[in-house]
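One structure is given here, and the rest of the page talks about it.
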Amino acid sequence: MKQTGAEMVRWDLSDLFASPTDPKIEAALAGSLDRAIAFEAKYKDRVATLEPSEFAAMMRELEDDEDAAARPEVYAYLLHSQNTHDPAAGRLLSRAREASAERGSHAVFFTLELAQTSDEQAARLFANPDSARYRHAVEEARKFRPHQLSEPEERVLTDYSPVVNSAWTRLFEELCAGIRVDVDDQELALAEALTLLQEPDREVRRRASGAITVALGTDVRTRAYIFNVVLQEKAIDDRLRKFPSWVSSRNLANETSDAAVQALVEAVTGRYDICARYYRVKRKLLGVGELHEWDRYAPIEEAKREVSWDDAKEIVLGSYNRFSKTAGALVEQFFTHPWIDAPVVPDKAGGAYCMPVTPRHHPYVMLNFTGKLRDVTTLAHELGHGLHDLLASKQHSFDYNPPLTLAETASVFGEALTFDRIMSEEKDPKVRLAMLCTQCEDAFATVFRQVAFNRFEDACHTARRTEGELSVEQLGEIYQSKLQPMFGDALILTDEHKGWWSYVEHFLHTPGYVYAYAFGNLLALAVYERFLEQGPAFVDDYLEFLAAGGSTPPDELVKRLGMDITDPDFWDAGLRILDGMVTQVEELAAQA
């Protein structure tokens, strides 16, 4: 790997703990368990009947407990991300999750009893300023009442939680992190090999794609078995909790309805023609007879550009500062403090993420920075999450994290800011065309592709429940059948593509997650369009929108920006923006 300047941009996790063997970790785990036992003894059988003042005191106490309990597991997860093959990090992650489950068994009563809050008791709590602060938490808990089990049953499930989904997901992540791709006599990590799909030389892309297919096939049966276990675990949980569909629990947690999500899916799949139109233009621009999966992210003209870490930092930070000095100052903290882990190194987890901790502790951003232009928008994306977390830190623990339906809004908005900054400084129409193509492809990846992923998940969960364990071949056929429609006849996925489902970790760690990308992207496009219309007058409203965190249902929060996500035409409005972007590509291509 060439040097990018990101090699030394690593986390300093000492503000959590000094090392995996730091005795403060065990002390924290023991202290959290002691507090959980004491909390249970103090409040069991009383949660749903407490006087408002005592209820508020209980919730403040629980906030303190949650803050202390979160740190060991976050620390272990971050260490494991840096090196998934480090035994000490893996051992600590298991220990932290097991301790969390043990502590959680003493908190089962709380969730159950909070959900049993009567209408009359809720009215009393909401009439008191101190306890009304927790209104949203109470209302959300009450929504899950029909899906709760008895306390003994919930305790058993909590006790088993370290050895079910999280354990299988960890194994899946470690297998993916260990994948090595042999490309032109070079052994690359999967994340490095995937960047070759953005190379201008089509033969390089084709060879890289073939090598990735071979590498994914080395232990695909193991990963398929893991996926099958997770699918069946979800089926059992949904049956026990009486959820009507495999995605209903995710929708409820996202504070949206099955009908609303179905409307989103139907709106997006109904406009696959936008994606197909774009790839017909790209086929002409590349001058090839037929496009395949290795051509999806092929650069157009001068769009392929190497970017140093310092350049990426300047572009992204400048973009946020241009939007808002307040936002820029918050984002700059990630660079002035060791809150980013940027380089590609052996055995590091793939992809990128922003990890929130608690409202009282800063978040962390993980990247695999390879010096590509896409890495700049990825940086802007993850820092959008970071900005959201920092602004929402004024909320208490229960209202800190937004639902997944809102979680992508700030990140996509940050990408749009950065893209517009780059475009405003570029005068060459050929380069502008190439960059617009990149923006379209990124938007398609988070709208059309993620909904296609949702269709894959839907088919897999349904088939697993009706047909039993799914073979590698079945999974590949399902994947191909759900991904091909978004391209129409403009790009043909070859049989080699069938196994590429097998490195998408979202399918395992959070079933149903992926549609939130489309939700957030289309919402962010609409929000960004509102910013372009209103200019500086919009900034404060937007920052307040982010600062609300998870304290307000999405439909109500979006209405504060003058939009209505319950309107059937809302998603069509976002899709029309994507349609307009493709029209611009068609016009610029005609001039090229």
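Every number in this text was worked out from the coordinates using simple rules, so none of it is lab data. This structure is a prediction, so every number in the text was calculated from the model and none was measured. FYI the Cβ positions are ideal-geometry reconstructions off the backbone, even for glycines, and counts take in every protein chain you see.
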Cα-derived Rg over Rh, computed across the stretch 14-162 with Rh taken as Kirkwood radius: 1.04
Between helix 448-467 and the chain: long-axis angle, C-alpha atoms, 0 to 90°, nearest 10: 60 degrees
Using alpha-carbon coordinates, inclination of helix 52-82 to the longest axis of the chain, degrees: 40 degrees
Separation of the His337 and Met423 label points, Cα + 7 Å toward Cβ, nm: 3.4 nm
Rounded to whole Hz, the Karplus (6.51, -1.76, 1.60) HN-Hα couplings of the stretch 328-344, x for glycine and proline: x, 5, 5, 5, 4, 4, 5, 8, 7, 10, x, 9, 10, 10, 9, x, 7
Net length gained if the chain between Gln591 and Asp159 were fully extended (0.36 nm per residue, minus Cα distance): 149.1 nm
DSSP-defined beta bridges in the chain - what % are antiparallel, rounded to 5: 70 percent
Dipole magnitude (debye, nearest 20) for the chain, charges at Cβ of Lys, Arg, Asp, Glu: 400 debye
Low-density loop cleavage sites - trypsin sites (Lys or Arg not before Pro) in the stretch 427-511, where at most 10 other Cβ are within 10 Å (DSSP): Lys427
Residue-averaged [θ]222 nm for the chain, counting only DSSP H segments that reach four residues, each worth -39500 (n - 2.57): -20500 deg cm²/dmol
Shape of the stretch 490-584, Cα gyration tensor, a/c cut at 1.5: oblate
All aspartates and glutamates inside 19 Å of Lys24 as judged from Cα atoms, apart from same-chain residues fewer than 8 positions distant: Asp12, Asp15, Asp34, Asp64, Asp65, Glu66, Asp67, Glu73, Glu98, Glu102
Centroid-to-centroid separation of the stretch 153-223 and the stretch 443-488 [C-alpha atoms, Å]: 18 Å
Residues Thr583 and Ser150, FRET efficiency given R0 of 60 Å [Cβ-Cβ distance, rounded to 0.05]: 0.55
Loop GluC sites (Glu not before Pro), the stretch 260-327 (other Cβ atoms within 10 Å of the site Cβ: 14 or fewer; DSSP): Glu290
Cα long-axis angle, helix 569-591 against the chain (0 to 90 degrees, to the nearest 10): 20 degrees
Dipole moment magnitude, nearest 20 debye, the stretch 14-162 about Cα centre, only Lys, Arg, Asp, Glu C-beta charged: 160 debye
Average Cα contact separation per residue, the stretch 14-162, under 8 Å, 6 or more apart, as relative contact order %: 31 percent
Separation in nanometres of the label points that stand 7 Å from Cα toward Cβ, at Ala68 and Gln534: 4.3 nm
Distance in nm between pseudo-label sites at Gln116 and Gln484 (7 Å out along the Cβ direction from Cα): 5.4 nm
Farthest positive-ward along the chain dipole, Cα basis, beta-carbon charges - from Phe335, Ala27, Leu557: Leu557
Centre separation in Å (Cα based) which lies between the stretch 241-298 and the stretch 526-592: 18 Å
